[in-house]
Amino acid sequence: QVQLVESGGGLVQAGGSLRLSCTASGGIFSGNAMGWYRQAPGKQRELVAAFTSGGSTNYADSVKGRFTISRDNAKNTVYLQMNSLKPEDTAVYYCNAVHWTGRYWGQGTQVTVSS
């Protein structure tokens, strides 16, 4: 059973930083695509940053140069370092992993950026 456990959300002022963590278990390894999505109130869930199964990275245009995704394969953990946060980054952030049995989601962690 794939499980994703997220941590690191919170309230921060504009211009500040946060780091999100997502630890996977149940058969997720370095060759599995993993990443972060977010959903703001009234909006659809969108990709923020992700690793492909080949290890390359994709970022949403809105976060390029501010957010960095990284991965510690020994800990089965993916991180999202978020710098220069803006109020429009406010959302619930979800960890996502692709396994041969399907796509899995974490429980979500709230990120709130005050102006």
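Restricting attention to segment 43-67, report how many residues are acidic (Asp, Glu) and closer than 14 Å to TYR94 by Cα.
1
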Subject >> Unmet criterion (only one of (1) of a type outside the set (A, V, I, L, M); (2) open to solvent by 40 Å² or more (accessible area, probe 1.4 Å); (3) closer than 17 Å to VAL92 by Cβ) for SER30 >> reply: (3)
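Any residue in segment 57-66 that is assigned to a helix (DSSP H, G or I), under 18 Å from SER7 (Cβ atoms) and not hydroxyl-bearing (Ser, Thr, Tyr)?
Within segment 57-66 (the criterion being assigned to a helix (DSSP H, G or I), under 18 Å from SER7 (Cβ atoms) and not hydroxyl-bearing (Ser, Thr, Tyr)), the answer is no, since none of the residues qualifies.
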**OP:** Within segment 9-26, work out how many residues are open to solvent by 30 Å² or more (accessible area, probe 1.4 Å) and assigned to a loop (DSSP other than H, G, I, E, B).
**Re:** 5
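Does segment 55-75 hold any residues that are touching a residue at least 24 places away in the same chain (Cβ under 8 Å), in contact with a Ser or Thr (Cβ under 9 Å, 6 or more places away or on another chain) and open to solvent by 40 Å² or more (accessible area, probe 1.4 Å), and which are they?
Applying the first criterion (touching a residue at least 24 places away in the same chain (Cβ under 8 Å)) to segment 55-75 yields 55, 62-63, 69, 71, 73, 75.
Retained after the next criterion (residues that are in contact with a Ser or Thr (Cβ under 9 Å, 6 or more places away or on another chain)): 55, 69, 71, 73, 75.
Passing the criteria: GLY55, ARG71, ASN73, LYS75.
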Original post:
Across segment 95-113, which residue is nearest to ARG45 (Cα to Cα) among those that are in contact (Cβ under 8 Å) with a residue 12 or more places away in the chain and open to solvent by 40 Å² or more (accessible area, probe 1.4 Å)?
Top reply: TRP105
Original post:
Can you pull out the residues in segment 34-51 that are open to solvent by 60 Å² or more (accessible area, probe 1.4 Å) and part of a loop (DSSP other than H, G, I, E, B)?
Top reply: PRO41, GLY42, LYS43, GLN44, ARG45
Original post:
Taking the condition part of a loop (DSSP other than H, G, I, E, B), under 22 Å from TRP100 (Cα atoms), touching a residue at least 60 places away in the same chain (Cβ under 8 Å) and over 12 Å from the mean Cα position of the chain (by Cα), does GLY31 pass?
Top reply: no
Subject >> Where PRO87 falls short, out of the listed (1) open to solvent by 50 Å² or more (accessible area, probe 1.4 Å); (2) modelled with pLDDT under 95; (3) over 17 Å from ARG19 (Cβ atoms) >> reply: (2)
**OP:** Give segment 69-112 a look and list any residue that's out of contact with any strand residue (DSSP E or B) (no Cβ under 6 Å at 6 or more places or on another chain), closer than 17 Å to ARG38 by Cβ and in a strand (DSSP E or B), or say none.
**Re:** ARG103
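The values are calculated or read from the model by the stated rules, or taken from the named source; none is laboratory data. This one's a predicted model, so the numbers in the text were calculated from it and none came from an experiment. Reconstructed Cβ throughout: ideal geometry from the backbone, glycine too, with neighbour counts over all protein chains shown. Ligands, DNA and RNA are stripped out before the accessible areas are found, and what is left, the full protein with its side chains, is counted by its heavy atoms. Shrake-Rupley method; radii C 1.70, N 1.55, O 1.52, S 1.80 Å.
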